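Structure, as structure tokens:
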Amino acid sequence: MSRHLTSKAGLGRFSLFSFLCLVFLILAVSQPGISIAQVDTFEFETQEQQKRFRALSDELRCPMCQNTSLSGSTGGVAEDLRREVHRMIMEGMSDEQIEQFMYERYGDFIFYKPRLKPETILLWFGPLLFFLIGAIVLVGIWRKAKRMDAEPVVVTGESKNRLDALIAEHGRSKAAAENPNE
């Protein structure tokens, strides 16, 4: 009888495992965006053109996906922009000319590393500025705490009388709490 129960428990575990594997397989097959990579078949005359295309596609951001490069995006806009970059490379345009074209069309957003200019100063140096402000505040707090620890505590006559009264009151309330019958 115990052998029969053991085999049923093992069968239950096996069917649960099979069920989980089946669910995982269905989810993996039904998510084409995860399992299918973007493939573009662009023809280049030289290896250098292909390297430039890859570098530009990695440096430019997809305007639709917002946090994905052109080479990593499967969106239609990214496909169009990759086609446009390929066309400009094949026409002999320099990387600077291609970047300028993209900037005029999409603004600073198209670059993962925006150009350094007055409008982007805070974007480039803002984190450093906030770090420095935080460091100055922390040093100020640390110095003030260190000064407070170094100062001796002086208790005047009036303060001593108030402290003695508070201690006595606390002692009476503690004694009353310990002996509720009195």
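The values are calculated or read from the model by the stated rules, or taken from the named source; none is laboratory data. Quick caveat, the model's predicted, so the values are computed rather than measured. Note: ideal-geometry Cβ built from the backbone for every residue, glycine included; neighbour counts use all protein chains shown.
Of the numbered conditions (1) in a loop (DSSP other than H, G, I, E, B); (2) at pLDDT 90 or above; (3) surrounded by fewer than 10 Cβ atoms within 10 Å (Cβ to Cβ), E45 satisfies every one except a single condition; which is it?
Result: E45 passes all but (2).
From the list M88, M148, which one is assigned to a helix (DSSP H, G or I) and closer than 30 Å to R52 by Cα?
M88
If you take the residues in the stretch 52-99 that are within 21 Å of P114 (Cβ to Cβ), surrounded by 14 or more Cβ atoms within 10 Å (Cβ to Cβ) and polar (S, T, N, Q), which one is nearest to the chain's Cα centre (by Cα)?
Step by step, filter the stretch 52-99, then rank; the result is T68.
Quick check on K8: is it of a type in the set (K, R) and at pLDDT 85 or above?
No, not satisfied.
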